């Protein structure tokens, strides 16, 4: 049974649900007059629970930004009363911060209330398979670290769900976090900064691009262009990227590096799926396809 296609159906379903959830979160943030960087500290509150929030730990899950910018966002949230700076290190959420984070979470969940993509008994059976995969992933020996997965598994479930598809979002999110853990472990072994790896990924996935075109794909991170200019020089020095007429493209060496990282990510991510037999895997694939197809034409 093709595990990759099963995962693609699950990813596709999650992406469709994001078309409901993300606008609901943005609308709520706008109603609450939050600044443009609200998602950084809100997601941190969701992920860290009672554990102190630090930029270092946050970037173990989201290593593609810049530490200085994340620290500035946490400090700004503290100034606005959403976080409280600790006496020693890190931040903790204030009551106001928790209330805002929970309101955004609930609005996202409520946006899924009227979606019924498949029979309830089939959806519950899908959840059982996803829970088994999450437990098997948690039990897989480290390294790579399960840092992102363990935080999502421990803290997202405490935020509460009401509607069935919210449970899918939580369970899929846990598996996706495990995949991110494995991917981060694979590329960090190459001793490269996260923002440089993300730029390389954009180059690998497309045709030759001018710097302005590359920056357009990356600027949502909020990093200054100068950082990515330095990253390009590093990638060229490594022999992963070549420049021709001010356009950048992955070299054969670079493509091989990127494909090796993806292959290692796939190997590590799918290893826990051995907890399911062939019959289970076939049923999971059918259920994942039902969910995806049903969400494209929800009742």
Tell me which residues, restricted to the stretch 189-200, are touching a helix residue (DSSP H, G or I) at 6+ places or on another chain (Cβ under 8 Å) and either in a helix (DSSP H, G or I) or more than 15 Å from residue 60 (Cβ to Cβ) (or both).
-> 190, 192, 194, 195, 196, 197, 198, 199, 200
Name the pairs: first residue in the stretch 33-50 and under 14 Å from residue 69 (Cα atoms), second residue part of a loop (DSSP other than H, G, I, E, B), Cβ to Cβ under 7 Å, at least 6 apart or on different chains?
-> 41/82
Is there a residue in the stretch 252-260 that is under 26 Å from the mean Cα position of the chain (by Cα) and under 23 Å from residue 141 (Cα atoms)?
-> yes
Working only within the stretch 81-92, note down all residues that are within 17 Å of residue 35 (Cα to Cα) and touching a residue at least 24 places away in the same chain (Cβ under 8 Å).
-> 82, 83
Restricting to the stretch 61-88, what's the tally of residues that are in a loop (DSSP other than H, G, I, E, B) and either modelled with pLDDT of 95 or more or touching a helix residue (DSSP H, G or I) at 6+ places or on another chain (Cβ under 9 Å) (or both)?
-> 8
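Listed here are the residues, each with its yes/no results for (1) at pLDDT 95 or above; (2) surrounded by 17 or more Cβ atoms within 10 Å (Cβ to Cβ); (3) at negative phi.
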| position | (1), (2), (3) |
| --- | --- |
| 195 | yes, yes, yes |
| 198 | yes, yes, yes |
| 244 | no, no, yes |
| 250 | yes, yes, yes |
| 261 | yes, yes, yes |
| 274 | yes, no, yes |
| 289 | yes, yes, yes |
| 298 | no, no, yes |
What do you reckon, is residue 55 surrounded by 19 or more Cβ atoms within 10 Å (Cβ to Cβ) and free of Cβ contacts under 8 Å to residues at least 24 places away in the same chain?
-> yes
Only one of (1) under 19 Å from the mean Cα position of the chain (by Cα); (2) not in a loop (DSSP other than H, G, I, E, B) is not met by residue 213, so which one is it?
-> (1)
Of the residues that sit in the stretch 104-116 and are assigned to a helix (DSSP H, G or I) and touching a helix residue (DSSP H, G or I) at 6+ places or on another chain (Cβ under 6 Å), which one is surrounded by the fewest Cβ atoms within 10 Å (Cβ to Cβ)?
-> 107
Residue count, the stretch 117-161, condition modelled with pLDDT of 95 or more, part of a loop (DSSP other than H, G, I, E, B), touching a helix residue (DSSP H, G or I) at 6+ places or on another chain (Cβ under 8 Å) and within 24 Å of residue 12 (Cβ to Cβ), comes to 3
Could you tell me whether any residue of the stretch 165-174 is buried (at least 20 other Cβ atoms within 10 Å of the Cβ) and outside any helix (DSSP H, G or I)?
-> no
Can you name the helices (runs of 4 or more DSSP H) wholly within the stretch 217-299 that have at least 2 residues being touching a strand residue (DSSP E or B) at 6+ places or on another chain (Cβ under 9 Å)?
-> 225-238, 252-270
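The values are calculated or read from the model by the stated rules, or taken from the named source; none is laboratory data. What you see is a predicted model; the values in this text were computed from it and never measured. Glycine also receives a Cβ, built like all others from the backbone with ideal geometry; neighbour counts cover every protein chain displayed.
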